[in-house]
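One structure is given below, encoded as structure tokens.
Values quoted throughout were computed directly from the atomic coordinates according to the rules given, and no laboratory measurement underlies them. What you are looking at is a predicted structure, and each value in this text was computed from that prediction instead of being measured. Cβ atoms come from the backbone with ideal geometry, glycine included; neighbour counts cover every protein chain shown.
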Amino acid sequence: QVQLVESGGGLVQAGGSLRLSCAASGSIFRLSVLGWYRQAPGKQRELVATITSGGSTNYADSVKGRFTISRDNAKNTVGLQMNSLKPEDTAVYYCNLKPVLGRGDYWGQGTQVTVSS
């Protein structure tokens, strides 16, 4: 029903920037809450940021002021601009989609972000 594909991950030095993008296929994109999560080695998956259909955003304290989540309903994409990256940001980043009015919780395959010190 819904398929998500992340891109934009890579290796960057501390203080650098990366932009992640997630492309979605399906019919429920507009009425969905979109989010980015990440999972570091040996750690639990954690919320990074979310954005509602109305554009309201929420960020984890650890990334607030450095990361910006955005969505483009015309292109069915959700982005994550990551600035001032730290080694602690190293993780696999996952795109998430939650329909507002229906069931389901959809995930992408993840993209690796590595920040060197």
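Asp105 sits among other residues whose Cβ lies under 15 Å from its own Cβ, and their net charge, with Lys and Arg +1 and Asp and Glu -1, is +3. Phi angles of the stretch 107-117 translate, via the Karplus equation with coefficients 6.51, -1.76, 1.60 and θ = phi - 60°, into HN-Hα couplings of 10, x, 7, x, 9, 7, 10, 10, 10, 8, 8 Hz per residue; Gly and Pro are given as x. Projected over every direction and averaged, the convex hull enclosing the alpha-carbon atoms of the stretch 1-54 yields 5.1 nm². Of all lysines in the structure, those lying under 17 Å Cα to Cα from Lys86, and not within fewer than 8 positions of it along the same chain, are Lys43, Lys64. At full extension, Ser116 and Ala14 could sit 36.1 nm farther apart than now, given 0.36 nm per residue minus the alpha carbon distance. Estimated at 0.36 nm per residue, the fully extended path between Gln109 and Asn76 surpasses their Cα-Cα distance by 10.2 nm.
All C-alpha to C-alpha distances of the stretch 21-79, sorted into 10 Å bins beginning at zero, yield P(r) values of 23, 50, 24, 3 percent in whole numbers. Near the amide H of Val33, within less than 5 Å, lie the amide hydrogens of Lys98, Val100, all on another chain or at least 5 residues away, with H placed in the peptide plane.
Ranked by the mean number of other Cβ atoms within 10 Å of their residues, highest first, the peptides 35-41, 62-68, 13-19 fall in the order 35-41, 62-68, 13-19. Sequence-ordered 3J(HN,Hα) estimates for the stretch 35-46 from the Karplus curve with 6.51, -1.76 and 1.60 and θ = phi - 60° stand at x, 10, 10, 9, 9, 8, x, x, 10, 6, 5, 10 Hz, glycine and proline given as x.
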